[in-house]
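This report concerns only the one structure given below.
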Amino acid sequence: MKQIILDAEAGQVSAELSRRGVAPNARVHALVEVMDDSELPMGAIAQTGKGFDWLVDEPDLCSDTDLVERAG
């Protein structure tokens, strides 16, 4: 079983799963945690603050294809 953790708006979940290579007809089990605006995770705070926008122009040094899955 493959596990993916998403931080996405409700309307963007399907697009995010597709972007990560999950087939449209795949069965998924979802646990939904609805975040209050006062409980934004650090990633969302950084994205809202635009402090890392300069990284868009930086080259990607690795991708999902570089990941190694380890047993155990």
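Among residues belonging to the stretch 1-19 that are part of a helix (DSSP H, G or I) and hydrophobic (A, V, I, L, M, F, W, C), point out the one that is nearest to residue 36 (Cα to Cα). Outline the logic, then answer.
To start, the set of residues in the stretch 1-19 that are part of a helix (DSSP H, G or I) comprises 10-19.
Checking which are hydrophobic (A, V, I, L, M, F, W, C) leaves us with 10, 13, 15, 17.
Details: 10: 13, 13: 18, 15: 22, 17: 23 Å.
The selected residue is 10.
The set of residues from the stretch 14-39 being under 21 Å from residue 64 (Cα atoms) and either of a type in the set (Ser, Thr, Tyr) or in contact with an Asp or Glu (Cβ under 7 Å, 6 or more places away or on another chain) (or both) comprises 14, 18. Taken over the stretch 37-47, the residue count meeting the criterion of being of a type in the set (Val, Ile, Thr) and at pLDDT 75 or above is 0.
Considering the conditions (1) surrounded by 10 or more Cβ atoms within 10 Å (Cβ to Cβ); (2) at pLDDT 90 or above, residue 23 is excluded by exactly one of them, (1).
The values are calculated or read from the model by the stated rules, or taken from the named source; none is laboratory data. This structure is a prediction, so every number in the text was calculated from the model and none was measured. When we count neighbours, we look across all protein chains shown, and the Cβ atoms used for this are built from the backbone with ideal geometry, even at glycine.
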